[in-house]
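The values are calculated or read from the model by the stated rules, or taken from the named source; none is laboratory data. Note that the coordinates shown come from a computational prediction; the quantities given were computed from them, not determined experimentally. Here Cβ is always computed from backbone atoms with ideal geometry, including for glycine, and neighbour counts include all displayed protein chains. Remember, those area values only see protein heavy atoms, side chains included, never the ligands or the DNA or RNA. Shrake-Rupley method; radii C 1.70, N 1.55, O 1.52, S 1.80 Å.
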Amino acid sequence: MSTLWRLSATEAVALLRNGEVSPLEMVDIAAARIEEVEPKVNALPIRFIETARAQAKAYKSERNDHPGWLAGLPIAVKDYNDVGGQLTTCGSPLFAEHVAAADDRTVALLRANGAIPLAKSNVPEFAGSHTFNPVWGVTRNPWNLGRTAGGSSGGAAAALAAHEVWLANGSCLGGSLRIPASFCGIVGMRPSPGVVPRGDGLPAFDSLWVDGPMARNVPDLALMLDAMTGLSAHDPLSLPSPAGGYQAAMGRGRAPKRIGFSTDLGLRGIDRDVAVISRKGAERLASLGTEIEEAAPDFTGGIDCFQVLRALMVADVRGGLLPEHRARINPDIVWNIEKGFGLSAKDIIEAQRTRHRIFHAVAQFFDTYDLLICPTVAVSPFAIEQRFPTEIAGEKLTTYIDWMFLTFVLTLTGCPVISLPCGLDADALPIGIQLMGRPHGDAELLGYARLAEQALGFEPLSGAVLP
């Protein structure tokens, strides 16, 4: 089998643009790699290789001199997104046979920018940060097949770590993009709301749930973000892309002058291994000539605030399924829906006030600092048999999302965040750190992240168990 699967996405696109390899060849390379490793990881359960081959064959004649950002590169699409003519199951038995009539707007934009979807990545049933469901089963972490890949973009992260595809899209509410990036030793970005436009069927004015790119390095991340962005009349929060694109902006990046670092954001304890590794990772950024201080905005109340706002959204998006299908829905999702329906006006107003206060504290923080860094996840990748962590650093947890607090409190800010791998724990499993940039600072953050990635020197494939 060709070793082109080892290329970065940026390298692969350069070959496509120069005519040194064709889109069809790249689909065939991905298909062979998928056949080799997929039985072990179960990252891409929905595959439509022949459809991708047909698109790849027609690609050159259709695109002529306008190959788009991705130039015919095959990608994986998350199973929460619609690809026309293919299954969208959301990991639920309720939608196990649902075939999408057309691409959703996220996929349509990627396709217009040169992507060739060839598979759907596995997800938890509707939501969650451990990828297992009754339709397709569990996705395994390529670094250790007995550990979780995270979620909800767990299939996407595992497919990237296993080199099944060069790029994959993700989505992020409470950490669904950043957590699997951390657990699988890859890179994931939660953009600012509106950077990646969304479309029909999604809460139009919501700023908690965003789509974003996932890749094996920061330049590839910027490449995919370029292919996902653009002003859209179908998204009221949509923003225009920067002049020249995100890759060009990343290339102009300079080292941050001051970084605030915290192991726990002042909220609750985390595993000691994670704290030590993330701190060492942050300290390595001093080699950039950066001043690193123990500092963070005040996130007091952020955990309860997010729990309320998440429940409100889950009830909004999935609540209509409950009366007829309660017995067929994951009980954690049922609990989240019921929590949303049980909220009082007082609960919602208090949560909104807390979110407003946190944002203003964050904005003031960035008057002094260029970046906030903290661990991505409070724990290392856990056993696949475990639904979710129930205890961290001796503290008992009560809900299926409590352990995700380091990602979901950053969601509240609306700021762009990138998860970068920074080291390995005692079991040789990846640990990630989050880099949060200032409001609307997506392009600037990519520049910082590229330099940070170089300083950290993490090798994505070095510890993977797959060939």
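Net charge near residue 300: determine it from the other residues with C-beta under 14 Å of the C-beta of residue 300, scoring Lys and Arg +1 and Asp and Glu -1. If you can, show how the numbers build up before the last one.
On the way: positive: 268, 353, 355, 357; negative: 264, 298, 304, 350.
Counting the neighbours of residue 300, the net charge comes to 0.
Would you be so kind as to identify which of 330, 265, 405 lies farthest towards the positive end of the dipole of the chain, taking Lys and Arg as +1 and Asp and Glu as -1 on Cβ and the Cα centre as origin? The residue sitting farthest along the positive end of the dipole is 265.
Roughly how many Å² is the accessible area per residue of the range 315-444, as a whole number, for a 1.4 Å probe? Can you show the working numbers first?
Numbers: 5290 Å² over 130 residues.
Heavy-atom accessible area per residue stands at 41 Å².
Once neighbouring chains are kept in place and the probe is 1.4 Å, which whole percent of the accessible area of the range 26-158 is contributed by carbon and sulfur? Don't skip to the answer; put the middle values down first.
Numbers: 2260 of 4420 Å².
Carbon with sulfur: 51 percent of the solvent-accessible area.
Within the set of other residues whose C-beta is less than 10 Å from the C-beta of residue 152, count the net charge using Lys and Arg as +1 and Asp and Glu as -1. Don't skip to the end; give the middle numbers.
Numbers: positive: 78; negative: 79, 125.
Overall, the nearby charge balance is -1.
For residue 21, neighbours were defined as the other residues whose beta-carbon sits under 11 Å from its Cβ, and their charges (Lys and Arg +1, Asp and Glu -1) total -3.
Does the range 247-363 come out rounded, prolate or oblate by the C-alpha gyration tensor, with a ≥ b ≥ c the root eigenvalues, rounded set by a/c under 1.5 and, if not, prolate when a/b is larger than b/c and oblate if not? Could you put the intermediate results ahead of the total?
Working: a/c = 2.31, a/b = 2.16, b/c = 1.07.
It is prolate, given that a/c is not under 1.5 and a/b is the larger ratio.
Using +1 at the C-beta of Lys and Arg and -1 at the C-beta of Asp and Glu, which of 24, 196, 75 has the Cα lying farthest in the positive direction of the dipole of the chain? It is 196, whose Cα lies furthest towards the positive end. Rounded to whole Å, give me the distance from the Cα center of the range 206-245 to that of the range 127-184. Comparing the Cα centres of the range 206-245 and the range 127-184, I get a distance of 20 Å.
Among the listed options [x] 22; [y] 33; [z] 14, the one matching percent of Cα pairs over 39 Å apart as calculated from these coordinates is [z]. Taking the helices alone, the chain has a mean residue ellipticity at 222 nm of -11000 deg cm²/dmol, built from -39,500 (n - 2.57) per DSSP H run of at least 4 residues and averaged over all its residues. Can you tell me the relative contact order of the chain? Whole percent, Cα pairs under 8 Å, sequence separation 6 or more. Contact order relative to length: 17 percent.
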